[in-house]
Amino acid sequence: MKPLLLALLLLAPRAEAAESLSVMLDWFVNPDHGPIIVAAERGYFTEAGLDVTLIPPADPSDPPKMAAAGQVDLAVSYQPQLYLQHAAGLGLKRVGTLINAPLYCVMADAAGPVHTMADLRGRKVGYSLAGIEAALMQRMLRHNGVDPAEVETINVNFALTPAVATGQVAAVSGAFRNFELHQMAAVGHQGRCFLPEENGVPAYDELIYLARADLAHDDRIARFLAATGRAAAEIAADPQAGWDTFRAHAAELDDPLNAKAWPDTWPHFARDPAALDTARYRDFGAFLVETGLIPTAPPVETIAVGK
């Protein structure tokens with residue numbers, strides 16, 4: 001090789017290899033993950049020097065455990081669960097927000113006898129998961145003058161919509177307002193959602209990003225959050241274009257339920273995912289202490305970082 005050519009090659013800027021970042025989702029890909037998928041499809045992770053691997057969990061309880069064990073870099077999880085994970089000794093911190101508002105609701109059939117939470121007195125309510133869901137519903141019941149002991153609870157696993165539509169129960173705890181209401185409509189029923197934030201429960205972030213404490217300030221995470229925040233802002237500016245990008249990710253995403261869930265979901269995407277509402281975390285921790293789910297609320301700085 002000629003000396004001049006060799007010198008030019010040595011001086012030429014080298015393309016740096018993308019850094020890997022593994023992200024375990026809370027469930028299979030769905031509209032809740034819009035900013036992640038749009039950022040991937042539009043090349044924002046690549047621009048940020050990241051090679052992002054998205055992993056759906058075999059079990060919804062796996063992501064925090066996998067992150068705590070160092071088997072993935074980031075886990076998508078739920079703010080209410082973070083306090084229980086801390087109490088269980090998982091060394092995790094919230095490093096960002098994906099969905100910045102509750103999606104949980106208590107859902108009844110609008111054509112049935114339940115018009116208010118007070119109408120659940122003496123009736124059956126189905127649920128999928130104990131713990132946090134029970135705490136939310138019990139606070140909502142008490143807020144409406146109902147002693148939770150006056151309500152019979154039944155584990156319907158994850159068959160929430162069928163349990164309500166068939167009259168097995170009067171309502172279900174744990175429905176997602178952006179999905180189950182549309183599932184009810186698909187089987188010829190109109191759902192009615194009672195919202196926690198309107199019934200005595202402090203506001204909280206539905207979906208958050210978790211990382212091991214020693215990775216909380218990792219620059220890869222900062223770049224990941226910037227890319228998803230960019231995607232969330234673009235989705236808000238043009239929701240239809242965002243949907244078109246999202247559904248192009250995989251053929252199975254382009255279905256009627258996701259299409260209906262999208263407009264109920266995108267307004268809640270965090271456009272500044274690194275921002276931390278310290279008061280929100282402090283208030284929800286106090287709520288969990290009141291419910292008896294945790295003995296004391298951890299200082300916010302021990303379970304969350306942000307700007």
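When Ala216 is tested against (1) buried (at least 20 other Cβ atoms within 10 Å of the Cβ); (2) within 20 Å of Gln85 (Cβ to Cβ), just one condition goes unmet, and that condition is (1).
Within this structure, Thr245 passes the test of being more than 17 Å from the chain's Cα centre (by Cα) and of a type in the set (Ser, Thr, Tyr). The conditions of being at pLDDT below 95 and either open to solvent by 20 Å² or more (accessible area, probe 1.4 Å) or more than 17 Å from the chain's Cα centre (by Cα) (or both) are met by Ala18. Being within 23 Å of Cys105 (Cβ to Cβ), assigned by the TED database to the domain that holds Tyr83 and either of a type in the set (Val, Ile, Thr) or open to solvent by 50 Å² or more (accessible area, probe 1.4 Å) (or both) is a property that does not hold for Thr278.
The set of residues in region 21-34 being assigned to a loop (DSSP other than H, G, I, E, B) and either in contact (Cβ under 8 Å) with a residue 40 or more places away in the chain or open to solvent by less than 50 Å² (accessible area, probe 1.4 Å) (or both) consists of Leu25, Asp26, Val29, Asn30.
Just so you know, in region 62-89 the residues that are over 13 Å from the mean Cα position of the chain (by Cα) and open to solvent by 50 Å² or more (accessible area, probe 1.4 Å) include one that is nearest to Pro295 (Cα to Cα), and it is Ala87. Scanning region 38-58 for residues that are under 17 Å from the mean Cα position of the chain (by Cα) and within 20 Å of Gln71 (Cα to Cα), we see that the one that is surrounded by the fewest Cβ atoms within 10 Å (Cβ to Cβ) is Ala58.
Scoring Asp119 on the criteria (1) farther than 28 Å from Ala170 by Cα; (2) of a type outside the set (Gly, Ala, Ser); (3) surrounded by fewer than 23 Cβ atoms within 10 Å (Cβ to Cβ); (4) out of contact with any Leu (no Cβ under 8 Å at 6 or more places or on another chain) leaves a single failure, condition (1).
The values are calculated or read from the model by the stated rules, or taken from the named source; none is laboratory data. The shown structure was predicted, so the numbers you read here are calculated from the model rather than taken from an experiment. Using ideal geometry, Cβ is built from the backbone for each residue, glycine included, and neighbour counts are taken over all protein chains shown. Each accessible area value is taken on the protein alone, full model and side chains, heavy atoms only, with ligands, DNA and RNA left out. Shrake-Rupley method; radii C 1.70, N 1.55, O 1.52, S 1.80 Å.
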